[in-house]
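These notes concern the structure reproduced below.
The values are calculated or read from the model by the stated rules, or taken from the named source; none is laboratory data. Here the structure is a predicted model, which means the values were calculated and not measured. Cβ placement follows ideal geometry from the backbone for every residue including glycine, while neighbour counts extend to all protein chains displayed. In case anyone asks, the SASA skips ligands and DNA or RNA and just uses the protein heavy atoms, side chains included. Shrake-Rupley method; radii C 1.70, N 1.55, O 1.52, S 1.80 Å.
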Amino acid sequence: MESWLRDGFDLLQLVRHELLLFAAFWFIVGAADELAVDMRWLWLLMTGRGRSRRLPSGVERMELAGRAAVIVPAWREADVIGAMISHTLQAWSQRDFRLYVGCYCNDDATLAAAIDAAGGDPRIRIVVHGAHGPTTKADCLNRLYEALSADEARSGVPFRSVVMQDAEEMVHPAALLAIDRGLEDADFVQLPVRPELQKHSRWVAGHYADEFIEAHAKDMVVRDSLGAAIPGAGVGCGFSRAALASLARMRRDGGEAGPFAPDCLTEDYEMGVLVAREGGTGRFLRLRDSSGALVATRSFFPARLEDAVRQKTRWIHGIAFQGWDRLGWHALPVELWMALRDRRGPLTALVLTIAYAQILLEGVMLLGAATGLHRPEPLSPLLATMVALTVTAFVWRALLRFGFTAREYGVAEGALAVLRIPIANLVAILAGRRAFASYLRTLAGETVRWEKTAHDVHPAIALARAATA
């Protein structure tokens with residue numbers, strides 16, 4: 001028996017070496033990729049081009065340069081759509097915009113809540129989708145596009161821009177004007193997303209804050225500086241009317257109706273990339289208002305692990321797998337680099353799985369050494385150097401994660417951001433596995449459906465309650 005155990009530990013030693021080599025190699029590749037972005041961001045910061053521009057006081061009350069259509073798809077959003085409409089109408093005082101809210105004919109609760117919140121305001125247009133929901137988010141967006149196009153034909157006055165928002169999002173008072181002005185020299189504009197902290201979900205919901213704040217303070221700023229395509233986040237983004245019409249014509253030539261692809265799980269991401277593919281210009285605008293607050297779309301992200309995994313499954317499936325199928329690969333080096341970064345989700349999940357399996361394996365090996373059944377072999381100089389590099393890279397990443405989160409949410413939250421890294425890794429692992437399985441099912445003919453996250457409370461209501469508590 002002892003001989004078998006010793007042979008087993010020898011086999012584990014070989015497995016340990018190979019897994020460690022695989023994980024360390026890909027961690028170093030990923031660290032080099034991130035370091036390149038970090039160095040570019042630091043250069044932008046030192047030269048003053050990476051800092052957020054401060055808006056003057058009162059800018060949010062300025063009128064738009066042209067008419068804006070704001071499109072909001074809504075399926076089973078009765079708990080938040082009313083607050084979203086009320087807050088948006090209050091935050092955006094401009095008269096020259098129209099809010100299109102897309103409901104489904106089999107979702108009476110959402111439709112009733114939207115009608116009640118509209119209150120006869122001429123800036124609100126409730127659009128009822130004739131198909132039974134849920135279809136897909138892109139399909140609902142196409143119905144809204146059809147409605148705004150019909151309004152243009154009836155009035156003879158075209159919209160200048162089309163802005164995307166979601167039913168659960170809280171807009172910034174200066175956001176609409178920022179998008180309007182940004183589209184003067186661009187075809188697509190994206191503002192940052194700022195996840196709101198949730199006291200009852202510091203770990204799961206909190207990891208979204210860590211990831212989005214770093215991505216939208218560094219990664220997207222670097223993308224913009226390199227002239228790469230700016231992917232859409234689905235909220236806080238706007239298209240010039242001409243760019244959206246061009247995408248609609250492209251879809252129509254391919255036999256589809258409307259600018260949004262109904263079978264795409266991440267139509268917002270794809271739209272931003274397609275604007276650049278069609279020769280348009282995308283911009284990422286990072287601004288702060290006169291009080292120093294980030295001009296961003298504020299939102300509550302999933303607070304439960306299961307919901308977070310489901311949401312990120314859709315992101316990985318849509319960006320990594322569908323993106324490869326639908327968008328292919330660009331010949332320009334900077335676009336190829338960014339596409340590789342965007343589509344690394346499945347590989348990241350695999351490498352993280354192996355890394356955590358390695359930790360468990362180390363525990364087994366230590367147990368074998370403690371019982372005298374195994375004599376550990378030292379790492380080779382090459383592998384030891386690789387492991388040292390991965391540890392150094394992790395410390396650097398943790399410092400950056402702390403810094404970005406602390407800058408926006410405070411030092412205590414910055415410290416929690418470092419502790420939340422394993423939670424983020426767990427979500428990435430589970431979502432990567434589910435995304436791959438989901439992708440295989442679609443290859444077998446499964447229909448893509450709108451698997452959305454349920455929302456119980458709108459940020460505007462929650463923040464108002466917190467302020468009076």
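Could you work out how far helix 108-118 tilts from the main Cα principal axis of the chain, as a 0 to 90 degree angle to the nearest 10?
Taking Cα atoms only, the helix is inclined about 60 degrees.
Check the straight Cα-Cα distances from Lys137 and name the lysines below 27 Å, setting aside those fewer than 8 residues away within the same chain.
Filter leaves Lys312, Lys452.
Could you pull out every residue, at least 5 positions away or on a different chain, whose amide H is within less than 5 Å of the one on Ser290? Hs are placed 1.01 Å off N in the peptide plane, and Pro or chain starts have none.
Amide H neighbours of Ser290, under 5 Å, 5+ apart: Leu55.
Report the local net charge at His129: Lys and Arg +1, Asp and Glu -1, summed over other residues whose C-beta lies under 11 Å from its C-beta. Numbers along the way, then the final one.
On the way: positive: Arg143; negative: Asp107, Asp139, Glu146.
Net of charged neighbours comes to -2.
How fast does the stretch 252-330 diffuse by Stokes-Einstein, in µm²/s, taking the Kirkwood radius from C-alpha pairs at 25 °C and 0.890 mPa s?
Numbers: Rh = 15.3 Å.
Value of D from the Cα-based Kirkwood radius: 160 µm²/s.
Given +1 on the Cβ of Lys and Arg, -1 on the Cβ of Asp and Glu, and no further charges, what dipole in debye does the chain carry about its Cα centre, rounded to the nearest 20? Mind showing how you got there, number by number?
Working: 52 positive and 53 negative charges, 156 e Å.
The dipole magnitude comes to about 740 debye.
Under the rule a/c < 1.5 gives rounded, and otherwise a/b versus b/c splits prolate from oblate, where does the stretch 381-469 land using the Cα gyration tensor?
oblate
Tell me, in nm to one decimal, what length is gained between Arg51 and Trp329 on full extension, where the rule is 0.36 nm per residue of separation less the Cα-Cα distance? Could you put the intermediate results ahead of the total?
Details: separation 278, 0.36 × 278 = 100.08 nm, distance 3.12 nm.
Full extension from Arg51 to Trp329 adds 97.0 nm.
Relative contact order, percent, of the stretch 90-219 when contacts are C-alpha pairs under 8 Å separated by at least 6 residues?
Working: 93 pairs, mean separation 25.3, N = 130.
19 percent.
Considering only DSSP beta bridges where both residues belong to the chain, give the percentage that are antiparallel (nearest 5).
Values: 9 of 33 bridges.
Counting only bridges with both partners in the chain, antiparallel ones make up about 25 percent.
Assuming 0.36 nm per residue, please report the length gained on full extension of the stretch Ala369 to Ala257 beyond their Cα-Cα distance. Display every interim value, and only then the final one.
Values: separation 112, 0.36 × 112 = 40.32 nm, distance 6.54 nm.
Full extension from Ala369 to Ala257 adds 33.8 nm.
Given H placed on each backbone N at 1.01 Å, which residues far from Phe300 in sequence or on other chains put an amide H within less than 5 Å of it?
It is Glu196, by chain and number.
7 Å from Cα along Cα→Cβ at both Ser290 and Leu21: what's the point-to-point distance in nm?
Here the modelled spin labels are 6.4 nm apart.
Considering all projection directions equally, how large on average is the shadow of the alpha-carbon convex hull of the stretch 1-114, in square nanometres?
Details: hull surface 67.9 nm².
If I average the Cα hull's projected area over directions, I get 17.0 nm².
With point charges of +1 on the Cβ of Lys and Arg and -1 on the Cβ of Asp and Glu, referenced to the Cα centre of the stretch 244-295, which listed residue (Gly272, Ser290, Leu244) lies farthest in the positive direction of the dipole?
My answer, from the dipole projection, is Ser290.
Could I have the simple spin-label model distance between Ala65 and Arg154, label points 7 Å from Cα toward Cβ, reported in nm to one decimal?
Between Ala65 and Arg154, the simple spin-label model gives 2.9 nm.
With each pseudo-label sitting 7 Å past Cα toward Cβ, what's the Glu146-Leu336 distance in nm, one decimal?
With each label point 7 Å from Cα toward Cβ, the separation is 4.1 nm.
Can you give me the angle between helix 459-468 and the longest principal axis of the chain, using Cα atoms only, in degrees from 0 to 90, rounded to the nearest 10?
On a 0 to 90 degree scale, this one is about 80.
For the stretch 129-235, what does the equivalent ellipsoid look like in terms of its semi-axes, each the square root of 5 times an eigenvalue of the Cα gyration tensor, given largest first in whole Å? Display every interim value, and only then the final one.
Details: eigenvalues 165, 90, 33 Å².
Output for the stretch 129-235: semi-axes of 29, 21, 13 Å.
Across bins of 10 angstrom width beginning at 0, how are the C-alpha pair distances of the stretch 322-362 distributed, in whole percent?
It works out to 26, 37, 22, 14, 1, in whole percents.
How many Å² of accessible area per residue for the chain, probe 1.4 Å?
On the way: 21300 Å² over 469 residues.
Averaged over the residues of the chain, the accessible area is 45 Å².
For the stretch 294-442, what D do you get in µm² per second when you plug the Kirkwood radius from alpha-carbon pairs into Stokes-Einstein at 20 °C and 1.002 mPa s?
In µm²/s, the coefficient rounds to 116.
So what is the relative contact order for the chain, in percent, with contacts set as C-alpha pairs under 8 Å and at least six apart? Write down the numbers at each step before the final one.
Details: 748 pairs, mean separation 101.0, N = 469.
Taking the mean separation of contacting Cα pairs over the length of the chain, I get 22 percent.
According to the square roots a ≥ b ≥ c of the eigenvalues of the Cα gyration tensor, what is the shape class of the stretch 52-203, taking rounded for a/c under 1.5, prolate for a/b larger than b/c otherwise, and oblate for the remainder?
Numbers: a/c = 1.69, a/b = 1.14, b/c = 1.48.
Note, shape of the stretch 52-203 comes out oblate.
Within the accessible area of the stretch 360-469, what % is carbon and sulfur when the probe is 1.4 Å and the other protein chains stay in place? List each step's numbers first, then the result.
Numbers: 4510 of 6540 Å².
Of the solvent-accessible surface of the stretch 360-469, carbon and sulfur hold 69 percent.
What does the convex hull of the Cα atoms of the stretch 301-385 come to per residue, in Å³, rounded to a whole number? Spell out each step's value before the answer.
Values: hull volume 14.6 nm³, N = 85.
Normalising the Cα hull of the stretch 301-385 by residue number yields 172 Å³.
Report the FRET efficiency, 1/(1 + (r/R0)^6), for Trp43 and Ile354, where r is their Cβ-Cβ distance and R0 is 25 Å, rounded to 0.05. If you can, show how the numbers build up before the last one.
On the way: r = 34 Å, r/R0 = 1.35.
That gives a FRET efficiency of 0.15.
Calculated FRET efficiency, Ala215 and Ala242, Cβ-Cβ r, R0 30 Å, to nearest 0.05?
Details: r = 29 Å, r/R0 = 0.96.
The formula returns an efficiency of 0.55 here.
If you line up the long axis of helix 421-443 against the longest principal axis of the chain, both from Cα atoms, how many degrees apart are they, to the nearest 10?
70
Hey, what did the stretch 62-101 get for relative contact order, percent, Cα under 8 Å, at least 6 apart?
Details: 30 pairs, mean separation 28.7, N = 40.
With pairs under 8 Å counted, the relative contact order is 72 percent.
Could you give the length gained by full extension between Leu419 and Arg277, i.e. 0.36 nm per residue of separation minus their alpha carbon distance, to one decimal place? Numbers along the way, then the final one.
Details: separation 142, 0.36 × 142 = 51.12 nm, distance 3.94 nm.
Stretched fully, the Leu419-Arg277 segment lengthens by 47.2 nm.
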